[in-house]
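Enquirer: The following block contains the structure, expressed as structure tokens.
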Amino acid sequence: MRLSRYLLPTLKENPAEAQIASHRLMLRAGLIRQEAAGIYSWLPAGLRTLRKIEAIVREEMNRAGALELLMPTLQLADLWRESGRYDAYGPEMLRIRDRHERELLYGPTNEDMVTAIFRANVKSYRALPLNLYHVQWKFRDEQRPRFGVMRGREFLMKDAYSFDLDEATARRSYQRMFVAYLRTFARMGIRAIPMRAETGPIGGDLSHEFLVLAQTGESAVYCDKAVLDLPIPGAGVDYDGDLDPIVQQWTAPYAATEDVHDFERFEREVPAERRVQTRGIEVGQVFYFGTKYSAPMKALVTGPDGSDKPIHGGSYGIGVSRLLGAIIEAGHDDAGIVWPDAVAPFNVGIVDLDPGDAQVGEVGAGIQNALEALGLDALHDDTDERAGVKFARMDLLGLPWQLIVGRRGLGEGTVELKRRATGERLSLAPHDAVAHIA
Ligand SMILES: Nc1ncnc2c1ncn2[C@@H]1O[C@H](COS(=O)(=O)NC(=O)[C@@H](N)CS)[C@@H](O)[C@H]1O
């Protein structure tokens, strides 16, 4: 992609309304634009990262055996009356009337709707276990939307819903999602720690939040340092096997958000030198809630003994749009964003130092083609701005690699490769630089 034909509206100044680094940097790097409180447009570079995050979530959900569908953003109020949640949900729910005065709402979550889909299509326990998920925009009329996409009003969520015959098999579904979440966040280049959590409006009695540790996190968290360096399950993990050892390993060390923190237990169980008290950004949450929806909505299956019984359910959310903010909070410096390789808008920023010089342009274009042939995406700064402006913009945008092409370097047969995260620079022949990145 040539920057001279792209839209990357970077800002020189820090926007006054941005209080935390990720909000500031997403605006300054031209990734998003606020349209209303908590409601954003996703500009081209921001959308590229959003889609890369979504793709990793989708791959790991599919690996764990979940089936993707897509439910609408608008839902009938009557559906929420049936599950008994319509009034309880409160002012966060955006209620809408259509031209026929029908009562609708912009969905904040989909337990009710997915239970209705299940009820209409599944009658026998032989179809279980079943896990249905989608990646869909949600609306929650937050009292105080803030921190940019971190606490928005319209936001992108992956929400999955499991259906099982009984509690024991429902807990296995819960464990599959727990393991899938460990893999998902690790693949994005962040550490998200599972912690015991409150269940809140979703309900149930078993829940874990996955939190990225960051001082700007909204949740105070308490954990045993041991939980911070446990091994991530490999791509070959057997989701049909016994996942209990993995879940036990990750839930044995003390780890709790403030609303379920037990001070005495923390002091008793965790030696002082291993006690971590910090803040975290909740990027995902998993719930087991039994028959909370299937009973009132009569989502029943005929069991092996021939009797009809309500299914045991669980729901599993990931804040896809919130993750851009969380990833930036976990990876930035004074110069700007430092993206993990897997989710950067582009893998490489090619910087032309002498735009208009035929040879420099040719080598830059050749490198871009070579990278794209390797499945890597590159943003080619072919503008005629000063080098200093170009470097500052690339550092702000935070692409993992900068590949600098200039007349002087080419005179010695080299280009310069810079690793954004470490600042390390290498002078290499163009094809060696491409090989080094690949
Ligand atoms: N206002 C918000 N802005 C951005 N992301 C949010 C917001 N509210 C929640 N999220 C993200 O969405 C994830 C799931 O939300 S949740 O309420 O915990 N869970 C559910 O809604 C369940 N239906 C899971 S399927 C959260 O972990 C968080 O990462």
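Enquirer: Give, in nm to one decimal, the length gained when the segment between Ile232 and Leu69 is fully stretched (0.36 nm per residue of separation minus the Cα-Cα distance).
Expert: 55.9 nm
Enquirer: Same structure again: Among Leu128, Val149, Gly107, which residue has its Cα positioned farthest towards the positive end of the charge dipole of the range 81-169, with +1 placed on the Cβ of Lys and Arg, -1 on the Cβ of Asp and Glu, and the dipole taken about the Cα centre?
Expert: Val149
Enquirer: Given +1 on the Cβ of Lys and Arg, -1 on the Cβ of Asp and Glu, and no further charges, what dipole in debye does the chain carry about its Cα centre, rounded to the nearest 20?
Expert: Here the chain has a charge dipole of around 540 debye.
Enquirer: With a 1.4 Å probe and all protein chains left in place, how much of the accessible area of the chain comes from carbon and sulfur atoms, in whole percent?
Expert: Answer for the chain is 50 percent, counting heavy atoms of protein chains only.
Enquirer: Measure out, as a whole number of angstrom, how far apart the alpha-carbon centroids of the range 91-161 and the range 1-74 sit.
Expert: When both Cα centres are located, 20 Å separates them.
Enquirer: Within the chain, count lysine pairs with alpha carbon atoms under 19 angstrom apart where the residues are 8 or more positions apart or belong to different chains.
Expert: Within the chain, the lysine pair count is 9.
Enquirer: To the nearest 10 square angstrom, what accessible area does Glu362 show with a 1.4 Å probe?
Expert: Glu362 exposes around 140 Å² with every protein chain in place.
Enquirer: Still on this model: Can you give me the Rg/Rh ratio for the chain, using Cα atoms for both radii and the Kirkwood formula for Rh?
Expert: 1.02
Enquirer: Next question. Could you list the trypsin sites (Lys or Arg not before Pro) in the range 314-400 that lie in coil according to DSSP, counting only those with at most 12 other Cβ atoms within 10 Å of their Cβ?
Expert: Listed in order of number, the matching sites are Arg386.
Enquirer: Compute, for Lys309, the solvent-accessible surface of its heavy atoms (probe 1.4 Å) with the complete set of protein chains present, and express it in square angstrom to the nearest 10.
Expert: Surface accessible to solvent at Lys309 totals approximately 80 Å².
Enquirer: I would also like to ask the following. Quick one: 3J(HN,Hα) in Hz for the range 45-61, Karplus 6.51/-1.76/1.60 with θ = phi - 60°, rounded, Gly and Pro as x.
Expert: Each residue's phi maps through the Karplus curve to give 5, x, 5, 4, 5, 4, 6, 5, 5, 4, 5, 5, 4, 4, 4, 6, 5 Hz.
Enquirer: Where does the range 308-438 land on the Kirkwood hydrodynamic radius, alpha-carbon pairs, in angstrom?
Expert: 16.1 Å
Enquirer: Could you work out how far apart the two model spin labels at Glu218 and Asp166 are, taking each label as a point 7 Å from the Cα in the direction of the beta carbon, and quote it in nm?
Expert: Here the answer is 3.9 nm between the modelled labels.
Enquirer: Using a 1.4 angstrom probe and counting only protein chains, how large is the accessible area of Glu269 in Å², to 10?
Expert: Surface open to solvent at Glu269 totals about 90 Å².
Enquirer: Further, regarding this structure: As a test of the formula, what do you get for the chain when each DSSP H run with n ≥ 4 contributes -39,500 (n - 2.57) and the sum is divided by the residue count, at 222 nm and rounded to the nearest 500 deg cm²/dmol?
Expert: The per-residue figure over the chain is -9000 deg cm²/dmol.
Enquirer: What's the FRET efficiency of Arg95 with Asp259 using the Cβ-Cβ distance as r and R₀ = 35 Å, to the nearest 0.05?
Expert: 0.80
Enquirer: Could you give log10 I(q)/I(0) at q = 0.12 Å⁻¹ for the range 85-224, computed by the Debye formula over C-alpha point scatterers of equal weight, without solvent?
Expert: -0.64
Enquirer: Separate question: Whole-Hz Karplus ³J(HN,Hα) for the range 159-173, in order, using 6.51 cos²θ - 1.76 cosθ + 1.60 and θ = phi - 60°, x for Gly and Pro?
Expert: 10, 10, 9, 9, 10, 9, 6, 8, 5, 4, 6, 5, 5, 5, 4
Enquirer: To continue, here is another question. Could you provide, to the nearest whole Å², the per residue accessible area of the chain with probe 1.4 Å?
Expert: Here the per-residue accessible area is 43 Å².
Enquirer: So what's the net charge close to Ser4: Lys and Arg +1, Asp and Glu -1, counting the other residues with Cβ under 11 Å from its Cβ?
Expert: Every neighbour counted, the sum reads -3.
Enquirer: For Leu11 and Ala55, calculate 0.36 nm times their separation in residues minus their Cα-Cα distance, and state this gained length in nm to one decimal.
Expert: Contour length minus the Cα-Cα distance gives 13.0 nm.
Enquirer: Let me ask something else about it. With point charges of +1 on the Cβ of Lys and Arg and -1 on the Cβ of Asp and Glu, referenced to the Cα centre of the range 280-438, which listed residue (Thr302, Gly413, Val351) lies farthest in the positive direction of the dipole?
Expert: Checking the options against the dipole of the range 280-438, the answer is Thr302.
Enquirer: Tell me whether the range 253-383 comes out rounded, prolate or oblate; compute the Cα gyration tensor, take square roots of the eigenvalues as a ≥ b ≥ c, and use a/c under 1.5 as the rounded threshold.
Expert: Since a/c reaches 1.5 but b/c is at least a/b, the shape of the range 253-383 is classed as oblate.
Enquirer: Against the 2.2 N^0.38 Å scaling, with N counting residues, where does the range 1-146 land? I'd like the Cα-based Rg ratio to two decimal places.
Expert: Relative to the 2.2 N^0.38 Å estimate, the range 1-146 comes out at 1.34.
The values are calculated or read from the model by the stated rules, or taken from the named source; none is laboratory data. Keep in mind the model is a prediction, meaning the values are calculated, not measured. Glycine also receives a Cβ, built like all others from the backbone with ideal geometry; neighbour counts cover every protein chain displayed. Surface areas here come from the heavy atoms of the whole protein model, side chains and all, with no ligands, DNA or RNA. Shrake-Rupley method; radii C 1.70, N 1.55, O 1.52, S 1.80 Å.
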